[in-house]
Structures are given as C-alpha cells and as structure tokens.
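Rule-based calculations on the coordinates, nothing more; no lab input. Bear in mind that the values here come from a model prediction, so they are computed numbers and not experimental data. A quick note on method: Cβ atoms are made from the backbone with ideal geometry, for glycine too, and the neighbour counts reach across all protein chains shown.
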Amino acid sequence: MSARMRLTSVETVHEDGSWLFTVRDRHGELEEVLLVPCEDGVEAWINRCTHEAQRLDTGCGAAMRDGQIICPRHGSMFDSCSGYCDNGDAAETTLPDVEIAVDDATVYLTDDDLSYLHDGGIEESDRDDDSGPSSTSHISF
Ligand code: FES
C-alpha cells in the first residue's frame with residue numbers, strides 16, 4: 001500500500017483529547033488505533049493495554065492526565081509521547097505503535113501493515129466477514 005490515508009487534523013486530536021479509528025492488519029485481524037496529543041504533535045498507539053486485553057478508549061475518548069493515557073481497568077498510565085508505562089500492573093511495557101505522518105497539520109496513516117476501515121471503534125458490521133451466518137454479505141477482500 002503506497003497511498004497514505006487522511007485521518008483527521010492535529011487540532012481535532014488536541015481539542016478532543018484523543019481520536020479513535022479502526023484498521024485491519026495484514027492477517028485480516030481488526031484493531032483499534034488511538035491518536036493522542038503529544039506536545040505540539042500527535043502519536044498513534046494500538047488501543048489496548050499491555051497488561052490485559054483492555055481498551056484504553058472504550059468508545060467515549062481515552063482518559064488522559066498530565067500527558068498520560070490512563071488504563072480504565074487497573075489504572076496504569078502510559079506516556080502519550082513514548083507509549084511507555086512505568087507504573088502499576090503494566091509497568092515496564094510500551095504500547096505497540098502505529099506509523100502515522102503529520103503534514104500541514106493533518107494526520108495521515110502511513111503504516112503499510114494496516115488498512116484504514118473507518119473512524120471510531122470496531123463495529124459489529126466489521127466482523128461480518130469472519131463471524132459466519134449473521135450476515136448475507138459475502139464481500140471478500
Ligand atoms: S488492564 Fe491495564 S493495567 Fe491492567
């Protein structure tokens with residue numbers, strides 16, 4: 001994939017505090033990606049705690065404090081710029097990062113391993129392809 005995908009503006013991420021979107025990886029698995037403010041720019045992390053499979057943004061925006069993303073389950077805090085956690089149950093781990101680029105105050109997905117699906121979190125309709133008989137759709141990628 002050589003095309004880059006426009007996501008949103010840096011201003012929107014800073015105003016909203018975080019910004020969630022859904023991708024499909026090269027194995028066909030769905031993932032959520034979280035954009036968060038980092039100083040004047042933006043960073044992108046997989047929306048899942050490194051301790052347990054807990055979404056950091058559960059659909060209403062990630063809890064943030066002092067430049068840190070707070071895990072809603074056990075409260076570990078991840079640096080929004082480095083993804084690193086030095087506290088609590090997730091201590092000494094780093095969130096998996098996602099490649100993005102900022103150009104003219106606009107954020108683009110540039111990660112060759114990921115295909116953009118839509119803004120927001122994973123929806124039931126995203127799973128139609130692998131969830132069997134719940135849908136009459138047989139679209140394949
Ligand atoms: S699930 Fe995030 S700290 Fe335990």
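Number of residues in segment 65-124 that are on the phi > 0 side of the Ramachandran plot and without any contact (Cβ under 8 Å) to a residue 12 or more places away in the chain: the value is 3.
Close contacts from segment 1-21, counting a first residue that is touching a residue at least 24 places away in the same chain (Cβ under 8 Å) and a second that is crowded, with 22+ Cβ neighbours inside 10 Å and acidic (D, E), with Cβ to Cβ under 7 Å and a gap of 6+ residues or different chains, come to S18/D57; L20/D57.
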